[in-house]
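Peer 1: What follows is a single structure, and I will ask about it in a moment.
Read-outs throughout are calculated quantities, based only on the coordinates presented, and are distinct from any laboratory measurement. As the structure is a computational prediction, the values presented were derived from the model and not from experiment. Cβ placement follows ideal geometry from the backbone for every residue including glycine, while neighbour counts extend to all protein chains displayed.
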Amino acid sequence: MRTAIKIATRWQVIRTATKFALIVGPVLALINHGDAIIDGSMQMADWLKVGLTMIVPYTVSTLSSISAYRSCEIPPTED
């Protein structure tokens with residue numbers, strides 16, 4: 001678990017996951033809530049769901065990075 005946390009907190013992993021979240025997150029939000037966003041019927045709960053939707057690609061990217069580092073047996077380094 002410590003190794004996973006070290007990998008997940010590396011600057012390169014955070015930067016990549018953030019980029020994916022900023023690109024894929026809005027696309028997912030539009031797919032899931034686009035009609036409500038356009039017609040202005042979004043409620044607070046809907047906006048919370050949009051926020052959670054933004055976290056999904058960040059999490060997937062981070063977990064993928066952890067898996068890739070582990071499969072290549074690249075030891076995490078201190079940045």
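Peer 1: Assuming R0 = 25 Å, can you tell me the calculated FRET efficiency for the pair Trp11 and Val56, based on Cβ-Cβ distance, to the nearest 0.05? Mind dumping the intermediate values first?
Peer 2: Details: r = 22 Å, r/R0 = 0.86.
Efficiency, rounded to the nearest 0.05: 0.70.
Peer 1: Now a separate question. Normalised by the residues of the stretch 5-74, what does the relative contact order come to in percent, with Cα pairs under 8 Å and at least six apart?
Peer 2: Working: 45 pairs, mean separation 35.3, N = 70.
About 50 percent, as a whole number.
Peer 1: What's the FRET efficiency of Ile31 with Ser67 using the Cβ-Cβ distance as r and R₀ = 22 Å, to the nearest 0.05?
Peer 2: Result of the calculation: an efficiency of 0.30.
Peer 1: Something else about it: Pop the C-beta distance of Ala45 and Lys19 into the FRET formula with R0 = 30 Å and round what comes out to the nearest 0.05.
Peer 2: Efficiency, from the Cβ-Cβ distance: 0.60.
Peer 1: How large is the charge dipole for the chain, taken about the Cα centre, if only the Cβ atoms of Lys, Arg (+1) and Asp, Glu (-1) carry charge, to the nearest 20 debye?
Peer 2: Dipole about the Cα centre, nearest 20: 340 debye.
Peer 1: Local charge sum around Met54 (other residues, Cβ-Cβ under 14 Å, Lys/Arg +1, Asp/Glu -1)?
Peer 2: +1
Peer 1: Shifting gears a bit: Here are a few candidate values for Cα extents along the principal axes in Å: (i) 50, 19, 18; (ii) 75, 37, 25; (iii) 59, 26, 17. Which one was actually calculated from the structure I just gave you?
Peer 2: (i)
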